[in-house]
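K.L.:
The structure's right below; bear with me while I get my questions together.
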Amino acid sequence: MTETQISPADSAMPGWLSSLPEGLRPYAMLARWDRPVGVWLLYLPCLIGLAFERIRTGLYLTDSLWAILFLIGAIAMRGAGCTWNDITDRDFDAKVERTALRPIPAGLVTLREAHIFLGIQLAVGFLVWLCLPGDAKIVALLSIPLVGAYPFMKRVTWWPQAWLGATFNWGALVGVAVAGSISFPAVLLYIGLACWTVAYDTIYALQDREDDALIGVKSTARLFGKHAALYSFGFFIVAAALIAAASGLQGAGRMGAVTSLAFLGHATAQVSRLKSKGDRVALAVFKSNVWTGALVAIGLTLAAMTPAPPPRTLFSGPEIVPDGQPDKVTLPFGLELQKGPRQPGLPETWLASDIRRTLERDGYVFPDAAESPNEP
């Protein structure tokens, strides 16, 4: 079997794929191991969530172990998701030129073998799940309905990309739960990353608009039509705004703002390239989103490593006054009241002499006029 026969049209590493043992090639294609972009897009939100939560506490040595576990889980669960997607979409894939050579429609893997391979990948993901803290275990389990329902969304809604955004970025919430607890800023971050996914997956779906229209598959690329690039840019802007807001609430300071601007700058370059060169560069533009996500992950990691400086102000800070009564009080014209021993028992009146005795009772000593050096 030749390389062109065993490689799908959209394989990113056909040479590497053909170098694998013949029996392993169909399973590598089924899990999309020859297209690592999806692994990165699933892995990066996990790192982003972990770094985001560490902004308040700083990084820990154990975070490197979490990063390794997240990578293993991303590879396993992305492969499982693609396998499940190919099982449910086998009839659609056979009708689309770009996907016709995938293992199931091409007859390289039987349906039973695909289900067994799916179970093996889920078992690896289960081992990673066992290593998570209790709260993170619960959060991770909540993603199962999203993963299971995703392949059917393109049949019932024009917004399967939004469902993919909710699914692919669930790792951000898992990353937050590993390092702390899910807060309002973390939810804002998750929604922002989901908007980012809507943008880049709309760009990805531009490749299949004609085939999708023929077989009745829905997508935001078809829904937006000739304005797909403009709408994608709108989702990029919303994503950048939400990432900035979440970072600010989390205390990322200037680094959070720089991260959001870098994200938006890269997104702007993507849309400009898409507008100038058309749908033929859609796949390349989609792949560049690995760098878009990496900018956010790096920026938030730096924010966790470098605490924000205290705010500067033109006004002086509050003066700290020591507790208790002062020992002396300075008066105008060089006069001074000194605190002496308390003299209890004197009555308190409003007459001038009694006022003086009242002050003396409280410990203030008045200078004696007879002791003044200027007195004759």
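K.L.:
For T62 and V365, what is the calculated FRET efficiency with R₀ set at 51 Å and r taken between the beta-carbons, to the nearest 0.05?
P.N.:
0.20
K.L.:
Considering only protein heavy atoms and a probe of 1.4 Å, how much of the accessible area of region 92-151 is carbon and sulfur, as a whole percent?
P.N.:
72
K.L.:
Same structure again: Given a 1.4 Å probe and every protein chain left where it sits, what share in percent of the accessible area of region 241-310 is carbon and sulfur?
P.N.:
That share works out to 70 percent.
K.L.:
How long is the gain from K137 to L111 if the chain were fully straight, where each residue apart is worth 0.36 nm and the alpha carbon distance is subtracted?
P.N.:
6.3 nm
K.L.:
Also: Probe radius 1.4 Å, ligands and nucleic acids left out: which of K277, K95, K218, K226 has the largest accessible area, and how do the rest follow?
P.N.:
K226, K95, K277, K218
K.L.:
Using only the Cα atoms of region 100-229, each taken as one equal point scatterer with no solvent, compute I(q) by the Debye sum, divide by I(0), and report log10 of the ratio at q = 0.14, 0.16, 0.17 Å⁻¹.
P.N.:
-0.81, -0.98, -1.05
K.L.:
While we're looking at this one, here's another question. 5 Å is the cut-off here: which amide hydrogens, built 1.01 Å from N in the peptide plane, fall below it relative to Y364, excluding neighbours closer than 5 in sequence?
P.N.:
G340
K.L.:
Could you give the semi-axes, largest first, of the ellipsoid that matches region 25-138, computed as the square roots of 5 times the alpha carbon gyration tensor eigenvalues and rounded to whole Å?
P.N.:
Ellipsoid semi-axes (Å, largest first): 33, 15, 10.
K.L.:
Moving to a separate point now. How far is it, in nm, from the label point at F152 to the one at I120 when both lie 7 Å from their Cα along the line to the Cβ?
P.N.:
Output for this residue pair reads 2.8 nm.
K.L.:
If you don't mind, there's one more thing I want to ask. Over the Cα atoms of region 159-220, each weighted equally, I'd like the Debye log10 I(q)/I(0) at q = 0.14, 0.19, 0.23 Å⁻¹, rounded to two decimals.
P.N.:
Each listed q maps to, in turn, -0.47, -0.69, -0.86.
K.L.:
If you count only protein heavy atoms and use a 1.4 Å probe, how large is the accessible surface of Y150, to the nearest 10 Å²?
P.N.:
Accessible area of Y150: about 50 Å².
K.L.:
If you don't mind, another one. Find the accessible area per residue for region 111-214; the probe is 1.4 Å, ligands and nucleic acids are left out, and the unit is Å².
P.N.:
Spelled out: the 1.4 Å probe surface of region 111-214, per residue, equals 43 Å².
K.L.:
Next question. Report, in cubic angstrom per residue, the convex hull volume of the C-alpha atoms of region 184-262.
P.N.:
Spelled out: Cα convex hull of region 184-262, divided by residues, is 75 Å³.
K.L.:
In square angstrom, what is the accessible area per residue of region 232-303 with a 1.4 angstrom probe?
P.N.:
Using a 1.4 Å probe on heavy atoms only, each residue of region 232-303 averages 43 Å².
K.L.:
To the nearest 10 square angstrom, how much accessible area does H227 have with a 1.4 angstrom probe?
P.N.:
90
K.L.:
Anything over 31 Å Cα to Cα? Flag those among K137/K218; K95/K137; K137/K226; K218/K275, in the order listed.
P.N.:
Cα-Cα > 31 Å for K137/K218; K95/K137; K137/K226; rest within.
K.L.:
Ignoring ligands and nucleic acids, what accessible area does L69 show with a 1.4 Å probe (Å², nearest 10)?
P.N.:
40
The values are calculated or read from the model by the stated rules, or taken from the named source; none is laboratory data. Predicted model only: the values in this text are computed from it and were never measured. FYI the Cβ positions are ideal-geometry reconstructions off the backbone, even for glycines, and counts take in every protein chain you see. SASA here: full protein model, heavy atoms, side chains in, ligands and nucleic acids out. Shrake-Rupley method; radii C 1.70, N 1.55, O 1.52, S 1.80 Å.
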